[in-house]
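First up is the structure itself, then whatever we jot down about it.
The values are calculated or read from the model by the stated rules, or taken from the named source; none is laboratory data. It should be emphasised that the depicted structure is a prediction, and the values quoted were computed from it without experimental measurement. Every residue, glycine among them, receives a Cβ derived from its backbone with ideal geometry; neighbour counts consider all protein chains shown.
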Amino acid sequence: MSFDDLSKELKLRKEQSLYRQRRTLQTPQQPLVQVDGREYLAFCSNDYLGLANHPDVIKSFQDAANLYGVGGGASHLVNGHSQTHHELEEALADFTGRPRALLFSTGYMANIGAVNALLNKQDAIFQDRLNHASLLDAGLLSGARFQRYLHNDADSLAKKLEKSDARRKLVVTDGVFSMDGDLADLPALSDVCKKESAWLMVDDAHGFGCLGEQGGGCAEYYAMPNQDLQVLVGTLGKGFGTAGAFVAGSEALIETLVQHARTYIYTTSMPPAVAAATLTSLRILREETWRREHLNKLIKQFRKGCEALGLALMDSPTPIQPIVIGESEKAMKISQSLENDGIFISAIRPPTVPQGSARLRVTLSASHSEAQVDRLLRSLEKVVL
Ligand SMILES: Cc1ncc(COP(=O)(O)O)c(C=O)c1O
């Protein structure tokens, strides 16, 4: 059997400007990076608080590696659950104000594991149309009746929920939408869930660290009571600057995941040193409120600058500030022109975003300076307008 078919598909992908290519980073994650041998000022990482390369986080990682070695060695239920994993779970439970938290090796796995431990064919799942791929995949894999409601539209959700007679109903949403940067209207969604006896699951991958006085994300921002947000997911590879993810919730929820979440059970635990590094980044994330203050200043500066240039942005109060270009080919060309000008922002294209809405997903970090944001604005003025 030949691979001609695949080659034809790949050629078509190139012709449609949808071909993905990996770029090689030769420096740590920071504003000034070297990519494929060239220096750039980057505005596309999810290291929102500048913790991925923080000296204290690195030191904790190194110390723990000296103590525990590198590999987790086994799954959590065999003998891969170290004291450090356990401490991090307790710290995350305290941070989110929930009885328990459970670590997963990635956010993708946390979403697949949680949804599939809770639902089967007798159930129904309701998802925002713009949810992250890992949530959509989780729903499809579960076999539950799968429905998508209009973006951030509690009425659209209510209409679908009313018609459902499923055993369990799970409503799932990004907290901060990963490609648009807007916030889910959690109070409105939660009201509908209460009326229709549905559970609410929020994946706040992009909210933790950025929103709320202590960086507690959407739940803290909206002061959501615990009982109104039953399944809370956070990822550690973004604002926390490390790797992995967690689900926080009630004793019964977390114990159900320990017993049934296949992406928790059938995989090696994350390296303990990553858990140790995350304990330190969690402390910095909570305590160093200046990082969020500086980040919010940069967000305002960027939005004001774009407005002055006549560049349309989305309704986003978060570090995710996309500039929608439209066609993929055009987005690729603009991204390339920015590169030629020393700015690194990769173009995001379908199917990651809807057809005709390819974009520059500009992201800001507390490690950027105001002068660097000015430099970005000058470059956008030259290249996009
Ligand atoms: C909303 C959302 N959920 C989950 C994930 C997956 O997390 P991870 O990178 O830890 O697999 C991402 C992005 O990576 C995301 O944007």
Name every residue in the range 353-364 that is surrounded by fewer than 16 Cβ atoms within 10 Å (Cβ to Cβ) and of a type in the set (Val, Ile, Thr), in order of residue number. none
Closer than 30 Å to residue 323 by Cβ and either within 16 Å of the ligand (Cβ to nearest atom) or touching a residue at least 24 places away in the same chain (Cβ under 8 Å) (or both): is that true of residue 77 in this structure? no
Identity of the residue in the range 168-201, assigned to a strand (DSSP E or B) and hydrophobic (A, V, I, L, M, F, W, C), that ends up farthest from the ligand (Cβ to nearest atom): 199
Looking only at the range 197-227, how many residues end up being of a type outside the set (Gly, Ala, Ser), buried (at least 17 other Cβ atoms within 10 Å of the Cβ) and farther than 23 Å from residue 364 by Cβ? 4
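Say whether the condition of being assigned to a loop (DSSP other than H, G, I, E, B) and surrounded by fewer than 18 Cβ atoms within 10 Å (Cβ to Cβ) is met by at least one residue in the range 292-306.
Taking every residue of the range 292-306 in turn, none turns out to be assigned to a loop (DSSP other than H, G, I, E, B) and surrounded by fewer than 18 Cβ atoms within 10 Å (Cβ to Cβ).
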For the range 61-74, does any single residue satisfy the condition of being modelled with pLDDT of 95 or more, closer than 29 Å to residue 177 by Cβ and out of contact with any His (no Cβ under 7 Å at 6 or more places or on another chain)? no
Evaluation of residue 32 against (1) in contact (Cβ under 8 Å) with a residue 12 or more places away in the chain; (2) touching a strand residue (DSSP E or B) at 6+ places or on another chain (Cβ under 7 Å); (3) not aromatic (Phe, Trp, Tyr) (one fails), failing number: (1)
Take residue 189 and tell me if it is over 18 Å from residue 245 (Cβ atoms) and crowded, with 23+ Cβ neighbours inside 10 Å. yes
Looking at the range 108-121, I want the residues that are among the aromatic types (Phe, Trp, Tyr) and have a partner that is assigned to a helix (DSSP H, G or I) and more than 16 Å from the ligand (Cβ to nearest atom) with Cβ atoms under 9 Å, at least 6 apart or on another chain. Which pairs are those? none
Answer yes or no: is there a residue in the range 131-152 that is outside any strand (DSSP E or B), acidic (Asp, Glu), more than 21 Å from the chain's Cα centre (by Cα) and at pLDDT 95 or above. no
For the range 303-351, name all the residues that are on the phi > 0 side of the Ramachandran plot and either under 25 Å from the mean Cα position of the chain (by Cα) or hydrophobic (A, V, I, L, M, F, W, C) (or both). 326
Taking interchain pairs and intrachain pairs at least six residues apart, which have beta carbon atoms under 6 angstrom, with the first residue in the range 45-60 and under 15 Å from residue 27 (Cα atoms) and the second of a type in the set (Gly, Ala, Ser)? 47/241; 47/365; 50/365; 50/366; 50/367; 51/241; 51/281; 52/241
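Here's the yes/no breakdown for (1) of a type in the set (A, V, I, L, M); (2) away from the ligand (no atom under 16 Å from the Cβ); (3) over 21 Å from residue 249 (Cα atoms):
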{"residue": "97", "(1), (2), (3)": "no, yes, no"}
{"residue": "121", "(1), (2), (3)": "no, yes, yes"}
{"residue": "133", "(1), (2), (3)": "yes, no, yes"}
{"residue": "139", "(1), (2), (3)": "no, no, no"}
{"residue": "152", "(1), (2), (3)": "no, no, yes"}
{"residue": "160", "(1), (2), (3)": "no, yes, yes"}
{"residue": "166", "(1), (2), (3)": "yes, yes, yes"}
So if I check each of 91, 101, which one is of a type outside the set (Asp, Glu), in the same structural domain as residue 234 (by TED's automatic domain parsing), assigned to a strand (DSSP E or B) and surrounded by 15 or more Cβ atoms within 10 Å (Cβ to Cβ)? 101
Checked against (1) in a helix (DSSP H, G or I); (2) over 25 Å from residue 292 (Cβ atoms), residue 79 satisfies every condition except (1)
Do we find that residue 238 is within 16 Å of the ligand (Cβ to nearest atom) and out of contact with any strand residue (DSSP E or B) (no Cβ under 8 Å at 6 or more places or on another chain) in this structure? yes
Within the range 307-346, the residues that are small (Gly, Ala, Ser) and either surrounded by fewer than 20 Cβ atoms within 10 Å (Cβ to Cβ) or not assigned by TED's automatic domain parsing to the domain that holds residue 364 (or both) are 308, 310, 312, 316, 326, 337, 342, 346
